[in-house]
Amino acid sequence: MIEYEQLDRVNAPFAPQMEEAFGRILRKGWFVLGEEVAAFEREFAAWCGARHCVGLASGLDAITLSLRALHLPSGSEVLVPSNSYIASVLAVLEAGLTPVLVEPDLRTYNMDPAAASAAITEKTRAILPVHLYGKISDMAALSSLAAKHKLRVVEDCAQAHGAALDGRKAGTWGDTGAFSFYPTKNLGALGDAGAVVTDHDELAEELRTLRNYGSRKKYHNDLPGVNSRLDELQAALLRVKLPHLEEANGKKRALAEIYFRELALEGLVLPHRDAAFHDVFHIFAVRHPRRDALRQHLLKKGIKTEVHYPVPPARQKAMEGRWAPGAYPLADLIHETEISLPISTFHEPEDIREVCRAVNSFRS
């Protein structure tokens, strides 16, 4: 059986260092907002090429608090991809703002700058590009659009650790870059964790205040904040893995090359590639008109796959009545045809070749 993901195998190479980190923290007895968080923040900011990093409890909080820190008027419209994971939409709602769904570029699955331009109204105050599957959005075009209309930009980088456009990494194009370190990410913790990177001193200071009950001084609360602190243990574990992130991304890119070279199924749509974009393949997303039959075929051959994602935000029960059925046909098409093939750091080239042989043997 070729598993889609096995986190025990992903983390096995780091086990001795992780155990040492756990013992160090246990002996120290300081578990919240200590030296490990501060060190990880410095190291991750430097890795991204950003001035600041603020560690938080999750990627969802990273987006929500980024939006809150911008102090946009209540009900302001925020442009969000129609095919994103629902967390992007939930963050906008949690921040008291109005999500406006924008259809993607069908080649890249990221927000289409032309569609974003057409969606801007007098109420639009921000753009939330989501860098899906390990490919950064067209941030050159979106940044230009934001500057033209005086819009703020919060990047959702949950799937794009190290993805870049023209050498500039995800998270450093907007006002903030929101990261998730959920265990399956290219840089994954052993639980929920997140962070925001930014070059703006005032945003970094506000985010540090918001994450800690709105407090800058113990028992004195300047803002109506929340409890969203990256804890010491997760920070220490992330510090173990961060020096190896480029290597992990490189392995995923090498495995992706096998897919590009050997997949030959008629009707299968492979990820779009462009020399200006450095993709890190958090997910190797392909599309096929008989997606469900292809998944069953692969499972019979001992290969597990995933779907990212089976239901788009506009069709979720939680969003019932907010958007008209069928209003986002490109999102519907992607969610009906997308299949994620195995591409974890524990996979070996022969695993990927076996997947390719199985895919190519599918008869539709």
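The values are calculated or read from the model by the stated rules, or taken from the named source; none is laboratory data. Keep in mind that what you see is a predicted model, and the values were worked out from it rather than measured. For neighbour counting, all protein chains shown are included, and Cβ atoms are generated from backbone atoms with ideal geometry for every residue, glycine included.
Laid out as a table, the results:
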quantity: Residues of segment 245-272 that turn out to be in a helix (DSSP H, G or I) and under 24 Å from the mean Cα position of the chain (by Cα), as a count; calculated: 16
quantity: Single residue of segment 321-360 satisfying the filter (in contact (Cβ under 8 Å) with a residue 24 or more places away in the chain and of a type in the set (Gly, Ala, Ser)) that is farthest from ILE258 (Cα to Cα); calculated: ALA327
quantity: In segment 302-345, residue farthest from THR108 (Cα to Cα) [restricted to those that are aromatic (Phe, Trp, Tyr) and touching a Pro at 6+ places or on another chain (Cβ under 9 Å)]; calculated: TRP323
quantity: Pairs where the first residue, in segment 140-166, is over 22 Å from PRO73 (Cα atoms) and the second is assigned to a helix (DSSP H, G or I) and aromatic (Phe, Trp, Tyr), C-beta under 7 Å, 6+ apart; calculated: GLN159/TYR133
quantity: Qualifying residue in segment 302-311 (condition: free of Cβ contacts under 8 Å to residues at least 40 places away in the same chain and either under 18 Å from VAL89 (Cβ atoms) or of a type outside the set (A, V, I, L, M, F, W, C) (or both)); calculated: yes
quantity: Unmet requirement for ALA275, which otherwise passes all of (1) assigned to a loop (DSSP other than H, G, I, E, B); (2) of a type outside the set (Ser, Thr, Tyr); (3) surrounded by 13 or more Cβ atoms within 10 Å (Cβ to Cβ); calculated: (3)
quantity: Checklist (1) part of a helix (DSSP H, G or I); (2) within 23 Å of LEU93 (Cα to Cα) applied to GLY174, failing item; calculated: (1)
quantity: Of residues in segment 25-38 being closer than 15 Å to LEU242 by Cα and of a type outside the set (Asp, Glu), the one surrounded by the fewest Cβ atoms within 10 Å (Cβ to Cβ); calculated: ALA38
quantity: Any hit, segment 203-214, residues being in a loop (DSSP other than H, G, I, E, B), modelled with pLDDT of 95 or more and closer than 14 Å to HIS52 by Cα; calculated: no
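This table checks each residue for (1) touching an Asp or Glu at 6+ places or on another chain (Cβ under 9 Å); (2) surrounded by 14 or more Cβ atoms within 10 Å (Cβ to Cβ); (3) among the hydrophobic types (A, V, I, L, M, F, W, C).
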residue: GLU20; (1), (2), (3): no, no, no
residue: GLY23; (1), (2), (3): no, no, no
residue: PHE40; (1), (2), (3): no, yes, yes
residue: ALA69; (1), (2), (3): yes, yes, yes
residue: LEU72; (1), (2), (3): no, yes, yes
residue: LEU97; (1), (2), (3): yes, yes, yes
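Residue by residue, here is whether (1) touching a helix residue (DSSP H, G or I) at 6+ places or on another chain (Cβ under 6 Å); (2) modelled with pLDDT under 95; (3) crowded, with 18+ Cβ neighbours inside 10 Å holds:
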{"site": "ILE303", "(1), (2), (3)": "yes, no, yes"}
{"site": "PRO329", "(1), (2), (3)": "no, no, no"}
{"site": "ASP332", "(1), (2), (3)": "no, no, yes"}
{"site": "PHE362", "(1), (2), (3)": "yes, no, yes"}
